[in-house]
Structure formats: C-alpha cells, structure tokens
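The values are calculated or read from the model by the stated rules, or taken from the named source; none is laboratory data. Remember, it's a predicted structure, so these values are computed and weren't measured experimentally. When we count neighbours, we look across all protein chains shown, and the Cβ atoms used for this are built from the backbone with ideal geometry, even at glycine.
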Amino acid sequence: MLKYLVIIGFLLVIIPKSKNSLHMLQQNLYNENNRYLKWVFQNSKNLFDLDLIFVFISLIGFLVVFDISFISNSLLIALFILSVILSMKINNKIKNNQNKKPLVYTKRIKRLIFTTSVLYLIPIIILVFNNNFKMTWFLIFILSIMILLNNYIVFISNIINYPYERGVYYYYKHKAQSKLKSMSNLKIIGITGSYGKTSSKNILSEILNVKYNALPTPKNLNTFNGLIMTVNNYMDKFTDIFIAEMGAYVKGEIAGLCRLVKPKYGILTTIGTAHLETFGSEQNIIDGKFELIESLPSDGFAILNGDDPKQVSYKLKNKVRTIWIGINNKDVDIRATNIHCSSKGTTFDVILKDKSKYTFTTKLLGNHNVYNILAGIACGIEFGIDMEDLVHAVHGVTPVEHRLELKKLGNFYMIDDAYNSNPTGAKNACEVLGMMDGIKVVVTPGMIELGEKEDEYNKTFGTQIADVADYVVLIGESKTKPIYDGLLEKRFDKDKIVIFNDVRDAYPFISSLTGKEEVYALFENDLPDTYNE
C-alpha cells in the first residue's frame, strides 16, 4: 500500500531532522537557561521549508470527504517524493555545516533518541494498523505537523526525561563530592572570567605539571556536569592539584560551582561583556565572576588582574589574600614588561615585587596570553616551584587549539582565533596581527551573543580591523554589516573588503595574495552551528 511508502518517506525526514535538533539541544546545554528555545525562535525562519508543503498536502488529504482513490493515491505519491527531496536537502545541509562540535552520543542523548522515537512511533504504529480512510489522512496530517515542529518534539522529549536526568545528576554529584572529600591533600584552583578561562587553565596546568600532577577540566567542561564528570572519570589518587574551569550564563552559577568543588585558590582572568544577554547587566557579570573569589577561605589566595579596572575597583566581601598581576599597572605584585611578539612567539621580562627580573619566552601570541602566563607564574611561586623551572615550563607551553594558534597553511600563515570571539579578545587579536611583518588579512563573521550592544561592539571591531589589516574577508553579509560600517568609518578601502557566505571561500582568496611578502590571516571567530545565516 502507498501509505507504507509514505511512512518510509517520513522516516527519511524524521531521522536527520531529529539528529540535527538533538545536536542543537546538546550544544545549547539541554536548554539550560532556555538556550535551546532561544535558538529555535531565532532560527525559526530557517526551520520551515518543504515541511509546510507536507502539512498543506496532508491537510488536503484529511479534508477530502470522499474516498476518491486517484486523488488519494496521487497525494500519497506526492508526499513520498517530497519526503525524499526534503531528506536529501536536510542531509546535504548537515553535511555542509561547519560543525565546531559534532553530536556526541552520550547516554543522555541515547535516552533522548529513545523518547523521541516513541513519540513518533505512536502515530506511525496506529497508521500501520489503521484501514479507515479519514483516520489514515488524519494520522498523516499529525505526522506532518510533528515533522514541521521537530525541534519542539525533541524539546518535549527533554521535558519527559527531565525527572530521570535529575536523578542521574544527583547520583553522580554525590559521588564526586564524596571523592573530593576523601582527598584531603588535594589543592583545588578555580578559574573564571568572561574571557580566557580555557587558555588560562591549560597554561596553568602545563606550568604546575613541572612539579605536581595537575588535573585540569578537559576542553571546556566548565559546567556542573563537566566538573562532576571530570572528578568521577579523570581524577585519581595521584592527582595533586585540580584546576576547575568555571563558566556561567547567569548570576549565581559560579557560587553553585564553588559549593560543588570548594576551591581554596582562585584566578580571575578578565571581566567583560561575554553573555551579557543572559546575565542581564554588566554589574551582574562582575558580581557573578567575583563569586569565585568571595567563596575562597581566608587561608587561600586569589590572583587578580591589576590592569582590569573592573577588578581593581571591586570591593571584596571577604578577606582572602590577593596577588595582583599586570602589564601596564606598575603597582602589582608580578608584572610583565618588554613584551615582543613575532611569528615565532612572544618574549617578555617578569618583574617581581622584590624588583628581581627574569626573562621568559613562549610560543603563545598576544598580551592576553602573557596575563595567563603571569597567573601561572604567580601560582607556581606560591606552590614552591623554582623560577628556573617556571622559565622552562613557560617555554614549553603549547598553544591552545583555535585560540591565536599560529600555523602555516599552504602559502600563508594562519592565526587561528576561530573558537569564539568577544570585544576584548577581538581587540587583542588585532593587536597581535598588527605586530606581524607582511600582508595582513582578517577573516571574520563578527561577534555574537552580546545582547543589545552586539552591533555597537562589531562596529568598534571594524574600526580596530581598519587600523591593522590590508584586506578584510567578511563571512555573512547581514551579520557583518556593523563591521563593514566600522571599516568605512575609518575610510578603509572598499575594494579590499570581500564578502563570502562560506568561510571556505576565503582560503583561495588569501592564497591569491601571496607574493614577495608573507601573508598573515587572522581568523577571528567562527559562525557556530546555532547561528548559520
């Protein structure tokens, strides 16, 4: 019967659509702080395509009151053909997506797959065993609506699974806390900030590992689940130091993470406007980041940035000992001077409070990495690591992937800062590019998740690019309009601005610029899957 052909066609659509929706749900932290729903609303115009024709044809079939086999069969065949076309289109779109993080088939995702499958199988099974003409078309109509609203079907699955997931969470949370409590000699360092958390964590880990067995949270596992997973799966009796990266989208999250792992030491990187939309205000961001520092015991220490006015002006509500680092501020405990950046890395001098001076070299680029290294040096000194060992450790620190990572790509140098972007990081990246000798290119889709100030920050970014770049490649015309305006405001040459819809088109363009001079291309930010234009 043709209805079985339609069922097969529907399954060809349901499977890839559900996979994509689950991918977005996972990337948006299973709708934590309504992130997934926000993505659905923001991308609703891209979610409905041939789906609407599905619904239209199904509705016609449902409204047909007479069993006219020719019309009925024609509509069923049309639905099957549409299913195949839509399935091919969805799979092609998924294949061409520049996935920063692929879908990870965790146990939670597998449970969601099961629940989503059950929701779709209920009308499909009834359809298989139903022989009533009107009921057949009614079920086809229901399935068409479910395909149209696939993102919401996955969201409903997440709601259904929520009680079980909370039980799983509390079980593993208790297990992690018990493990931490049993390790009385473990040193726990918390790291937070608007920017640079992952880089600071990795740098600190490499520095401390010259003497200790330091365990950092893997990659960017900086949430409650990430910390719990790290403690339960990666920590063992040989771990001396646990470095816990702490991320947050709303005020109070950092305090909750501190209650979970109870850090004795804390590092605050830089406070900016990242996730301003979810925090609600800059003051909430400041208060939220200082939750780490204000959770530290009096016998611990905090490492703060003396060049960050938000940190310098903040009035601490506890009496934890503070160690100030800086570059521009001379009144700090540990200061970097004489900084030089090149295609081989960065050299700088470190001056301690007693005026003693030491020279460091690193493969890393940019002043922001110097700040991260200073925090690592400060922590190393507090933990009794000799300065000679610290110099050696800093020299061996490896660049973090996609964070101002310098690499030769064909006939040009790529400065890969594509993991994410923010106003401070983008400014730092431009400064790094400006230090290079040769033709300078910036490739960017602009900055995102900056709330109502997003256009303002991107326009400022455009003016900063104009000061250092010879050519600019913008990815996505509508998103990068503020950057374009900023470039023109600084009278940047229009003929040296190129706009593509796909970042892959930038590579042959950059390669065409090579000649007698070296070409350095800064890739600043990357459009994540949740913000495809």
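Below is a table of values for the structure above.
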| quantity | calculated |
| --- | --- |
| Residue count, segment 478-489 (criterion: at pLDDT 95 or above and either farther than 20 Å from Glu456 by Cα or not in a helix (DSSP H, G or I) (or both)) | 0 |
| Scan of segment 216-244 for residues that are farther than 14 Å from Ser205 by Cβ and basic (Lys, Arg), ordered by number | Lys237 |
| Per-region count, segment 223-246, residues surrounded by fewer than 22 Cβ atoms within 10 Å (Cβ to Cβ) and in a loop (DSSP other than H, G, I, E, B) | 7 |
| Some residue of segment 431-438 being surrounded by fewer than 20 Cβ atoms within 10 Å (Cβ to Cβ), out of contact with any helix residue (DSSP H, G or I) (no Cβ under 9 Å at 6 or more places or on another chain) and more than 16 Å from Leu365 (Cα to Cα) | yes |
| Top-ranked residue in segment 289-332 [being modelled with pLDDT under 95 and among the small types (Gly, Ala, Ser); ranked as nearest to the chain's Cα centre (by Cα)] | Ser313 |
| Segment 199-222, residues that are touching a residue at least 40 places away in the same chain (Cβ under 8 Å), of a type in the set (S, T, N, Q) and surrounded by 19 or more Cβ atoms within 10 Å (Cβ to Cβ) | Ser199, Ser200, Asn202 |
| Ala274 vs. criteria crowded, with 23+ Cβ neighbours inside 10 Å and closer than 20 Å to Ile293 by Cα | yes |
| Flag if Leu103 is farther than 30 Å from Leu2 by Cβ, touching a Leu at 6+ places or on another chain (Cβ under 8 Å), surrounded by 18 or more Cβ atoms within 10 Å (Cβ to Cβ) and touching a residue at least 24 places away in the same chain (Cβ under 8 Å) | no |
| Test: residue in segment 331-338 that is more than 13 Å from Leu304 (Cα to Cα) and either surrounded by fewer than 19 Cβ atoms within 10 Å (Cβ to Cβ) or assigned by TED's automatic domain parsing to the domain that holds Met414 (or both) | yes |
| Residue within segment 389-400 that is of a type outside the set (S, T, N, Q), surrounded by 19 or more Cβ atoms within 10 Å (Cβ to Cβ) and over 20 Å from Lys197 (Cα atoms) present | yes |
| Test result for Tyr212, in a loop (DSSP other than H, G, I, E, B), out of contact with any Lys or Arg (no Cβ under 6 Å at 6 or more places or on another chain) and of a type outside the set (Gly, Ala, Ser) | yes |
| Residue match in segment 410-424 (condition: touching a Ser or Thr at 6+ places or on another chain (Cβ under 7 Å), assigned by TED's automatic domain parsing to the domain that holds Ala302 and more than 30 Å from Ala274 (Cα to Cα)) | no |
| Residue within segment 178-191 that is surrounded by fewer than 17 Cβ atoms within 10 Å (Cβ to Cβ), small (Gly, Ala, Ser) and closer than 22 Å to Ile293 by Cα present | yes |
| Segment 223-262: number of residues that are closer than 19 Å to Arg35 by Cβ and touching a residue at least 60 places away in the same chain (Cβ under 8 Å) | 5 |
| Lone unmet requirement of (1) more than 29 Å from the chain's Cα centre (by Cα); (2) part of a loop (DSSP other than H, G, I, E, B) for Val350 | (2) |
| Boolean, Glu431 is touching a residue at least 60 places away in the same chain (Cβ under 8 Å) and in the same structural domain as His340 (by TED's automatic domain parsing) | no |
| Top-ranked residue in segment 289-301 [being in contact with a helix residue (DSSP H, G or I) (Cβ under 6 Å, 6 or more places away or on another chain) and under 15 Å from Ile271 (Cα atoms); ranked as surrounded by the fewest Cβ atoms within 10 Å (Cβ to Cβ)] | Glu291 |
| Count of segment 290-331 residues which are part of a strand (DSSP E or B), touching a residue at least 40 places away in the same chain (Cβ under 8 Å) and not β-branched (Val, Ile, Thr) | 3 |
| The one condition in (1) within 29 Å of Pro399 (Cβ to Cβ); (2) more than 27 Å from the chain's Cα centre (by Cα) that Ser199 fails to fulfil | (2) |
| Criterion: outside any helix (DSSP H, G or I), under 24 Å from Tyr371 (Cβ atoms), β-branched (Val, Ile, Thr) and touching a helix residue (DSSP H, G or I) at 6+ places or on another chain (Cβ under 7 Å) - qualifying residue of Ile267, Ile286 | Ile267 |
| Any chance Asn328 is touching an Asp or Glu at 6+ places or on another chain (Cβ under 6 Å), among the polar types (S, T, N, Q) and surrounded by fewer than 13 Cβ atoms within 10 Å (Cβ to Cβ) | yes |
| Pairs where the first residue, in segment 493-507, is within 18 Å of Pro482 (Cα to Cα) and the second is basic (Lys, Arg) and crowded, with 16+ Cβ neighbours inside 10 Å, C-beta under 7 Å, 6+ apart | none |
| Segment 248-264, subset of a type in the set (D, E, K, R), more than 23 Å from Tyr371 (Cβ to Cβ) and in contact with a Gly (Cβ under 8 Å, 6 or more places away or on another chain), residue surrounded by the fewest Cβ atoms within 10 Å (Cβ to Cβ) | Lys251 |
| Residue count, segment 363-372 (criterion: on the phi < 0 side of the Ramachandran plot, crowded, with 22+ Cβ neighbours inside 10 Å and outside any helix (DSSP H, G or I)) | 2 |
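Rundown of residues vs (1) modelled with pLDDT under 85; (2) touching a helix residue (DSSP H, G or I) at 6+ places or on another chain (Cβ under 7 Å); (3) in a helix (DSSP H, G or I), yes/no style:
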site	(1), (2), (3)
Gln26	no, yes, yes
Lys38	no, no, yes
Ile53	yes, yes, yes
Ile60	yes, yes, yes
Phe66	yes, no, no
Leu76	yes, yes, yes
Ser87	yes, yes, yes
